[in-house]
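Peer 1: One structure follows; several queries about it will come next.
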Amino acid sequence: MSDLIKKLIYRSNHRGTKEMDLLIGGFANNNLQSLTLEELKEFEILLNFTDRELSSWLVDDKKNFDIEKFSVSKKIKEFKLKF
């Protein structure tokens, strides 16, 4: 496993709120190995958003064009639907 993937998995599972740990961490645990390098870089940028911003977008389904501009964000939303 690459160092980047290990770092992203750790950051995803230690967000600060249990809800985001489960959603973002669950996505990372199940999907990072299959993402392209570009998608991994996008995911790393998404991890810089606050839990409040991600929760509003992911859980409350509020629009956030800064998050939605990334192709990996669609995969995260699809994962949430299966969660």
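Peer 1: Leaving ligands, DNA and RNA out of it, report the carbon-plus-sulfur percent of the accessible area of the chain at a 1.4 Å probe.
Peer 2: 52 percent
Peer 1: Same structure, new question: With a 1.4 Å probe and all protein chains left in place, how much accessible area per residue does the chain have, in Å²?
Peer 2: For the chain, the per-residue accessible area is 62 Å².
Peer 1: To continue, here is another question. What aspartates and glutamates could a cross-link reach from Lys6, if we take a straight Cα to Cα line under 19 Å and drop same-chain neighbours fewer than 8 places away?
Peer 2: Asp21, Glu38, Glu39, Glu42, Glu44
Peer 1: Next question. Trypsin sites (Lys or Arg not before Pro) within the range 11-83: which are DSSP loop residues with at most 12 other Cβ atoms inside 10 Å? Working shown, then result.
Peer 2: Numbers: sites: Arg11, Arg15, Lys18, Lys41, Arg52, Lys62, Lys63, Lys69, Lys74, Lys75, Lys77, Lys80, Lys82; in loops: Arg15, Lys62, Lys63, Lys69.
The qualifying sites are Lys62, Lys63, Lys69.
Peer 1: Taking 2.2 N^0.38 Å as the expected size of a compact globular protein, what ratio does the Cα radius of gyration of the range 35-83 give against it, to two decimals?
Peer 2: It is 1.07.
Peer 1: Identify which of the listed values of P(r) over Cα pairs in 10 Å bins from 0, in percent was calculated from the structure shown: [x] 17, 39, 24, 14, 5, 0; [y] 14, 30, 33, 22, 2; [z] 19, 60, 21, 0.
Peer 2: For P(r) over Cα pairs in 10 Å bins from 0, in percent, the calculated option is [z].
The values are calculated or read from the model by the stated rules, or taken from the named source; none is laboratory data. Computed from a predicted structure; not experimentally measured. A quick note on method: Cβ atoms are made from the backbone with ideal geometry, for glycine too, and the neighbour counts reach across all protein chains shown. All accessible areas refer to the heavy atoms of the entire protein, side chains included, with ligands and DNA or RNA removed. Shrake-Rupley method; radii C 1.70, N 1.55, O 1.52, S 1.80 Å.
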